[in-house]
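Quick notes on the structure that follows.
The values are calculated or read from the model by the stated rules, or taken from the named source; none is laboratory data. Here the structure is a predicted model, which is why all the values come from computation and not from measurement. Backbone-built Cβ (ideal geometry, glycine too); neighbour counts: all protein chains shown.
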Amino acid sequence: MSSMEDKDILEIMRADLQRALKKPRNQRRWAMVIDTKKCIGCHACTTGCMSENLTPPDIHYRTVKEEEVGEYPNTGLKFLPRPCMQCDAPSCTQVCPVTATYKRDDGLVMIDYEKCIGCRYCLVACPYGARSSDTGLYYTGDFRDKTYEVENSGEYGKNFKRKSHWHSPIGNARKCHFCIHRVEKGELTRCTTTCLAHANYFGDINDPQALITKLVSKPNAILYKEELGTKPMVFYLV
């Protein structure tokens, strides 16, 4: 696929996004498609996400799992990018004792940093390993007050300072939120725009005209660990 065609795909998704934002929030259902045949394991989505959300060194909202396949000497690597699945039937929300993790009316699974008590029940309950606990680590030591590490993160459309427990988000559970702070401004998720292979697709699955809706209906579209009944909203093309 040429670079011009790739650019057109991004423009198509941006147009889909603008159309979705004109609807009431409860009529949208955000979803993501990842084409595993295109993914080259460059981790651009991981680093782009870290930059977007100013995450500390032990927090990765979007990891890329690697698996070696084949037999020596004919071996290769398979890659599986793994964001939060934004499940329709999330197991994480059921175990939170303070309802800090919850599902919005547009289907996004969110974390209220002001409510979270850091019990980590949701980390254990998530079958995808998509959640992390912010233990308060920094990339630097003596210069932390002079670096981007203390800048406010724009997560969830709010500014969260790096403070201790109950003052967000150190001590809390953290995870991918489909860059909702970008999406609601009409911008695609950071992982979608930084993917070098254009293997990521994002949009409103409730829109029959959207590119994302056409992709999930393909015969090679699958759900990761579908048998668990969590109804994930991240689809993989295999």
Legend entry - Members of the stretch 94-110 found to be of a type outside the set (D, E, K, R), farther than 15 Å from N172 by Cβ and surrounded by 17 or more Cβ atoms within 10 Å (Cβ to Cβ), listed by number: G107, L108
Inset, instruction - Can you give me the number of residues within the stretch 85-107 that are farther than 13 Å from P232 by Cβ and part of a loop (DSSP other than H, G, I, E, B)? - result: 8
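Go through the stretch 7-64 and give me each residue that's assigned to a loop (DSSP other than H, G, I, E, B), more than 16 Å from L215 (Cβ to Cβ) and in contact with a Cys (Cβ under 9 Å, 6 or more places away or on another chain).
Those that are assigned to a loop (DSSP other than H, G, I, E, B), more than 16 Å from L215 (Cβ to Cβ) and in contact with a Cys (Cβ under 9 Å, 6 or more places away or on another chain): C42, T55, H60, Y61, R62.
Can you give me the number of residues within the stretch 173-216 that are in a helix (DSSP H, G or I) and either surrounded by 24 or more Cβ atoms within 10 Å (Cβ to Cβ) or touching a residue at least 24 places away in the same chain (Cβ under 8 Å) (or both)?
Summing the residues that are in a helix (DSSP H, G or I) and either surrounded by 24 or more Cβ atoms within 10 Å (Cβ to Cβ) or touching a residue at least 24 places away in the same chain (Cβ under 8 Å) (or both) in the stretch 173-216 gives 13.
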Legend entry - Looking only at the stretch 127-172, and only at residues there that are touching a strand residue (DSSP E or B) at 6+ places or on another chain (Cβ under 9 Å) and basic (K, R), the one that is surrounded by the fewest Cβ atoms within 10 Å (Cβ to Cβ): K161
Inset, instruction - Looking only at the stretch 125-139, count how many residues are in contact with a Cys (Cβ under 9 Å, 6 or more places away or on another chain) and aliphatic (A, V, I, L, M). - result: 2
Inset, instruction - Mind listing just one residue for me: the one in the stretch 102-145 that is over 15 Å from the mean Cα position of the chain (by Cα) and among the aliphatic types (A, V, I, L, M) and, of those, modelled with the lowest pLDDT? - result: L137
Inset, instruction - Go through the stretch 126-153 and give me each residue that's closer than 15 Å to I170 by Cα and of a type outside the set (D, E). - result: R131, S132, S133, T135, G136, L137, Y138, Y139, R144, V150, N152, S153
Legend entry - Single unsatisfied condition, N220 versus (1) of a type in the set (S, T, N, Q); (2) more than 21 Å from V64 (Cα to Cα); (3) surrounded by fewer than 13 Cβ atoms within 10 Å (Cβ to Cβ): (2)
